[in-house]
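Each value in this text was obtained by applying a stated rule to the coordinates, not by laboratory testing. Just so you know, these numbers come straight off a predicted model, no measurement behind them. Backbone-built Cβ (ideal geometry, glycine too); neighbour counts: all protein chains shown.
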Amino acid sequence: MATGKAESPMRSMLAESEGNTYHAFDSLPEAQRDPEGVVILEGDEGGQIYVVVRAMDVACSEEILRQLLVDIDNHEWPGNYPDMARLCFEKHPVGAGIAGGMGGGLVSAKLWVHPRLEPFASAIAEVIYGQRERLDV
């Protein structure tokens, strides 16, 4: 899994090419301090946005979020390189679209889960809201 600043190279380049500002945070706590901080779980180097949730709503640790990303990515892209999945902390207002493949994602007032992951949406929510530690897929 990619390390370093929790940003999406694809969304960063896209914002730059459109003359927009791209803002990424270094950590979950930093994103949680901003009212527009969001957590994005993505796979296939942005080819699929798995989950988008406001950072202030996340009750689990960053370590548990990383494990959730691994679990989802192993289900969606088995055999893919682990560094193609990213846990991103970015600044976006509610209602903003999150650029990415397979339709991208959406910042909403509640947890957004990609339609392909709908069978696991409740379990994903339980992990994010601190009610369980792992996703069993």
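How high is the relative contact order of the chain, given as a whole-number percent (alpha carbon pairs under 8 Å, six or more residues apart)? Working shown, then result.
Values: 267 pairs, mean separation 41.4, N = 137.
Averaging sequence separation for qualifying contacts and normalising by length gives 30 percent for the chain.
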- line: Rounded to the nearest 0.05, FRET efficiency between Glu36 and Asp136 (Cβ-Cβ, R0 35 Å) equals 0.65
- line: Semi-axes in Å, largest first, for the chain (Cα gyration tensor, √(5λ)) are 21, 17, 14
Calculated [θ] (222 nm, deg cm²/dmol) that DSSP helices of n ≥ 4 give over the chain, each run adding -39,500 (n - 2.57): -7500 deg cm²/dmol
